[in-house]
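Take a look at the structure below.
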């Protein structure tokens with residue numbers, strides 16, 4: 001799937017029915033760390049969640065597979081990714097995001113720098129990575 005260069009954030013959410021309307025909750029971190037601001041209008045694209053593979057260990061239980069997909073980090077130790085550093089955190093490290101808006105902390109990087117990283121540590125909410133390669137300005 002091709003993503004627009006103007007993409008501000010990416011996360012998973014459920015569509016909820018409330019008082020005759022359908023709503024999507026935006027995680028608070030997307031407003032705190034991202035480019036979103038309350039009381040502004042944005043274009044939203046909805047992408048269906050991938051179906052589980054029949055050989056998965058959920059025994060065909062789609063609800064269980066969805067819960068696992070939502071709760072498990074989208075990266076693992078040793079993974080390599082190419083990311084763009086979005087901003088610098090309070091400790092001076094670069095912050096990038098991957099699938100579902102999952103945060104990856106990358107030391108010794110600058111905002112808007114494009115780098116290949118190797119994931120070195122993973123938690124439920126954040127991963128840490130080292131730079132493997134720096135790319136020239138890609139604009």
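The values are calculated or read from the model by the stated rules, or taken from the named source; none is laboratory data. Not measured: the values here are computed from a predicted model. Here Cβ is always computed from backbone atoms with ideal geometry, including for glycine, and neighbour counts include all displayed protein chains.
Considering only the stretch 32-47, state which residues are modelled with pLDDT under 75 and within 19 Å of residue 103 (Cα to Cα). Don't jump to the end; show me each part of the working.
From the stretch 32-47, those modelled with pLDDT under 75 are 32-35, 47; that's our starting set.
32, 33, 34, 35 - these are the residues of the stretch 32-47 that are modelled with pLDDT under 75 and within 19 Å of residue 103 (Cα to Cα).
Of all residues in the stretch 8-33, which are in a loop (DSSP other than H, G, I, E, B), in contact with a strand residue (DSSP E or B) (Cβ under 8 Å, 6 or more places away or on another chain) and touching a residue at least 40 places away in the same chain (Cβ under 8 Å)?
If the condition is that a residue be in a loop (DSSP other than H, G, I, E, B), in contact with a strand residue (DSSP E or B) (Cβ under 8 Å, 6 or more places away or on another chain) and touching a residue at least 40 places away in the same chain (Cβ under 8 Å), then 9, 10, 33 are the ones that fit.
Could you tell me whether the stretch 68-81 includes any residue that is modelled with pLDDT of 90 or more, part of a loop (DSSP other than H, G, I, E, B) and over 25 Å from residue 13 (Cβ atoms)?
yes
Right, residue 55: at pLDDT below 80, more than 16 Å from the chain's Cα centre (by Cα) and not assigned by TED's automatic domain parsing to the domain that holds residue 95 or not?
yes
Does residue 109 count as surrounded by 12 or more Cβ atoms within 10 Å (Cβ to Cβ), assigned to a loop (DSSP other than H, G, I, E, B) and at pLDDT 70 or above? Spell out how you get there, then give the answer.
Details: surrounded by 12 or more Cβ atoms within 10 Å (Cβ to Cβ): yes; assigned to a loop (DSSP other than H, G, I, E, B): yes; at pLDDT 70 or above: yes.
Yes.
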